[in-house]
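Engineer: Below is the structure I would like to discuss, written out as structure tokens.
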């Protein structure tokens with residue numbers, strides 16, 4: 001009888017590819033390394049060729065493995081979706097992977113996850129760093145590693161998107177500066193503190209400053225928003241940060257509107273055909289309710 005590949009084998013293959021090794025993948029799947037290895041070897045026997053180059057330093061995909069990976073992800077995703085639509089909407093189970101940014105993870109997702117847990121206590125939500133894929137979180141959704149993204153809507157994409165909120169950027173200074181209007185010259189006269197160049201906010205702000213302020217002053221990249229704000233508070237430079245990212249703002253800092261406003265639109269990103277799945281629909285409904293509450297109760301940002 002001809003052997004056929006199984007979902008368990010595909011899950012083992014994808015887990016090893018994502019983790020870069022059998023030990024990490026086994027821990028992620030909560031199974032023994034030998035069982036995981038047997039699953040991958042079984043898949044390799046079925047397809048008739050190796051899917052990984054194995055070495056003491058870890059594993060890497062063979063050309064066949066690279067070609068197979070996207071299809072394996074789709075097969076697993078489709079199987080999960082079948083189970084999801086069969087599940088009763090009032091008793092959702094399984095897991096939901098959400099790609100998002102730190103600002104949303106801090107200020108939006110905890111309330112969303114709490115609401116989901118009350119309604120669906122057996123549904124587990126995993127948060128993925130939307131900046132980790134080098135593409136603003138979109139690659140995580142495209143490849144199926146994230147079921148849904150709560151991301152910046154800043155590009156044309158075959159994925160389904162719809163907006164949830166607009167988030168304005170503000171210039172942040174030590175409070176001692178005073179509340180007089182911001183001038184573009186201030187960004188040339190002192191160091192500009194920014195997140196890493198791969199961060200979506202970095203690209204937004206630099207493009208805006210290049211367009212309106214000309215060449216900015218010395219640029220320091222700092223990978224943590226809280227560290228940036230602390231550095232501004234201690235007089236080490238200025239920054240431009242989205243409203244949601246800078247909350248709660250220290251009383252020693254002052255956030256002021258830019259001379260020409262800059263905003264970002266945050267919204268839902270999901271693969272076509274998946275937005276109606278019960279677990280994704282439940283998340284979206286909770287996010288919408290939470291976003292509406294945030295906008296209704298937004299703290300006032302000091303203005304001149």
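The values are calculated or read from the model by the stated rules, or taken from the named source; none is laboratory data. Computed from a predicted structure; not experimentally measured. Glycine also receives a Cβ, built like all others from the backbone with ideal geometry; neighbour counts cover every protein chain displayed.
Engineer: Name the residue that is farthest from residue 100 (Cα to Cα), counting only residues in the stretch 197-213 that are free of Cβ contacts under 8 Å to residues at least 40 places away in the same chain and surrounded by 12 or more Cβ atoms within 10 Å (Cβ to Cβ).
Structural biologist: Restricting to residues being free of Cβ contacts under 8 Å to residues at least 40 places away in the same chain and surrounded by 12 or more Cβ atoms within 10 Å (Cβ to Cβ), the top hit is 213.
Engineer: Identify all residues within the stretch 6-25 that are over 14 Å from residue 73 (Cβ atoms) and more than 24 Å from the chain's Cα centre (by Cα); write none if there are none.
Structural biologist: Those that are over 14 Å from residue 73 (Cβ atoms) and more than 24 Å from the chain's Cα centre (by Cα): 6, 8, 22, 23.
Engineer: Now a separate question. Quick check on my filter: what residues within the stretch 146-160 are at pLDDT 90 or above and in contact with a strand residue (DSSP E or B) (Cβ under 8 Å, 6 or more places away or on another chain)?
Structural biologist: Hits for the stretch 146-160 are 146, 147, 148, 149, 150, 151, 152, 153, 157, 159, 160.
Engineer: What is the residue count in the stretch 236-250 for residues that are touching a helix residue (DSSP H, G or I) at 6+ places or on another chain (Cβ under 7 Å) and more than 23 Å from residue 151 (Cα to Cα)?
Structural biologist: 3
Engineer: Conditions first: (1) in the same structural domain as residue 176 (by TED's automatic domain parsing); (2) in contact (Cβ under 8 Å) with a residue 60 or more places away in the chain; (3) surrounded by fewer than 20 Cβ atoms within 10 Å (Cβ to Cβ). Residue 232 passes all but one, so which condition is the exception?
Structural biologist: Condition (3) is where residue 232 drops out.
Each row is one residue, and each column tells you yes or no for (1) in a helix (DSSP H, G or I); (2) at pLDDT below 90; (3) farther than 26 Å from residue 132 by Cα.
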| position | (1), (2), (3) |
| --- | --- |
| 23 | yes, yes, no |
| 27 | yes, yes, no |
| 37 | yes, no, yes |
| 42 | yes, no, yes |
| 49 | no, no, yes |
| 68 | yes, no, no |
| 80 | yes, yes, no |
| 83 | yes, yes, yes |
| 96 | no, no, no |
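Engineer: Could you say whether any residue in the stretch 31-49 is surrounded by fewer than 17 Cβ atoms within 10 Å (Cβ to Cβ) and in contact with a strand residue (DSSP E or B) (Cβ under 6 Å, 6 or more places away or on another chain)?
Structural biologist: No, there is no match, as no residue in the stretch 31-49 is surrounded by fewer than 17 Cβ atoms within 10 Å (Cβ to Cβ) and in contact with a strand residue (DSSP E or B) (Cβ under 6 Å, 6 or more places away or on another chain).
Engineer: When only residues in the stretch 114-150 that are part of a helix (DSSP H, G or I) and over 13 Å from the mean Cα position of the chain (by Cα) count, which is farthest from residue 271 (Cα to Cα)?
Structural biologist: Among those that are part of a helix (DSSP H, G or I) and over 13 Å from the mean Cα position of the chain (by Cα), it is 118.
Engineer: Turning to a different aspect of this structure: Among the residues of the stretch 151-200, count how many are assigned to a loop (DSSP other than H, G, I, E, B) and more than 25 Å from residue 104 (Cα to Cα).
Structural biologist: Within the stretch 151-200, residues that are assigned to a loop (DSSP other than H, G, I, E, B) and more than 25 Å from residue 104 (Cα to Cα) number 10.
Engineer: Output the residues belonging to the stretch 242-281 that are within 27 Å of residue 99 (Cα to Cα) and part of a strand (DSSP E or B).
Structural biologist: 242, 263, 264, 265, 266, 267, 268, 269, 270
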